[in-house]
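K.L.:
Starting off with a structure, shown below.
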Amino acid sequence: MLGRSLLVVEDNSLLRELLATALEARDFVVHTAASVADARRCVLRFDPDCVILDIELGPGPNGFDFADMLREMSPHAAVVFLTNLPDPRFSDHGADGLPTGVAYLRKTALSDVDALVEALDAAMRGCDLRRHRHDQDSGRPLASLTQKQIDVMFLAAEGKSNSQIAADRGISVKAVEDLLSRAASVLGVDAGQDGNVRVAAVRRFLEGIGAAPSNEHDHNSVS
């Protein structure tokens, strides 16, 4: 394993440095990038064996976009997604956004850096990656939400009213209400609780996809 090169693409500076330090201690040669533009330059300069890739990288292209670019720039490079997103359904690319032959790890589900190293090794050797596909784990956050429910929850999170969502989706307001009600139930929000069920459901949804503060921290499990 000595000398295998990695590119860590992560916009969180603390996590980026933690990953680099931990992986260098395990004899990888590590380069880092905070954005897709930086990552492109690193690939052209260093031609890494594998890329550890976050999906949400701030304004501009995301990790899926870069994975597509990487197939053209360096098709031999292995890809390990390391992200807060439970699965690709919660990205702009949708359920079909994940390239083939990649590992997909959720940051909060990563027990330690050894689990990451196992995924890196399997990806670079072209081994079976089913053990390293957290997006296929039936116990992942929000796994029971349907694509329709996800789409409506995103619109609700944008602050759109039920009438606006109905117009956007081409469905009735009653259909929107039903979708939001079923999504709230899946999210564990009690329809009989005090307060705004819609607001509570949106917050639970955003926490589930790593877009709102929660009690978990991205970097705690990487040590």
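Quick note: the coordinates plus some simple rules give every number you see, no bench work behind them. Given the structure is predicted, the values throughout are model-derived calculations rather than measurements. Positions of Cβ are backbone-derived with ideal geometry, glycine not excepted, and every protein chain shown enters the neighbour counts.
K.L.:
So for the stretch 59-117, averaging the separation of alpha carbon pairs under 8 Å that are six or more residues apart and normalising by length, what relative contact order in percent results? Could you put the intermediate results ahead of the total?
P.N.:
Working: 45 pairs, mean separation 18.7, N = 59.
The value is 32 percent.
K.L.:
Would you mind telling me which residue in 134, 76, 31 has the biggest mean-square fluctuation in a Gaussian network model of the chain, where springs connect alpha carbons within a distance under 10 angstrom?
P.N.:
In this elastic network of the chain, the residue with the biggest mean-square fluctuation among 134, 76, 31 is 76.
K.L.:
Mind jotting down the distance between the C-alpha centroids of the stretch 119-160 and the stretch 1-67, whole Å?
P.N.:
For the stretch 1-67 versus the stretch 119-160, the Cα centre distance is 21 Å.
K.L.:
Semi-axes of the equivalent ellipsoid for the chain, please: Cα gyration tensor eigenvalues, times 5, square-rooted, ordered largest first, whole Å. Please list the in-between numbers first.
P.N.:
Values: eigenvalues 251, 63, 45 Å².
Listed largest to smallest, the semi-axes of the chain are 35, 18, 15 Å.
K.L.:
With +1 on the Cβ of every Lys and Arg and -1 on the Cβ of every Asp and Glu, and nothing else charged, how large is the dipole of the stretch 1-134 about its Cα centre, in debye rounded to the nearest 20?
P.N.:
Details: 14 positive and 21 negative charges, 36 e Å.
It comes to approximately 180 debye.
K.L.:
If you project the alpha carbons of the stretch 35-157 onto their three principal axes, what span does each projection cover, largest first, in Å?
P.N.:
43, 30, 22
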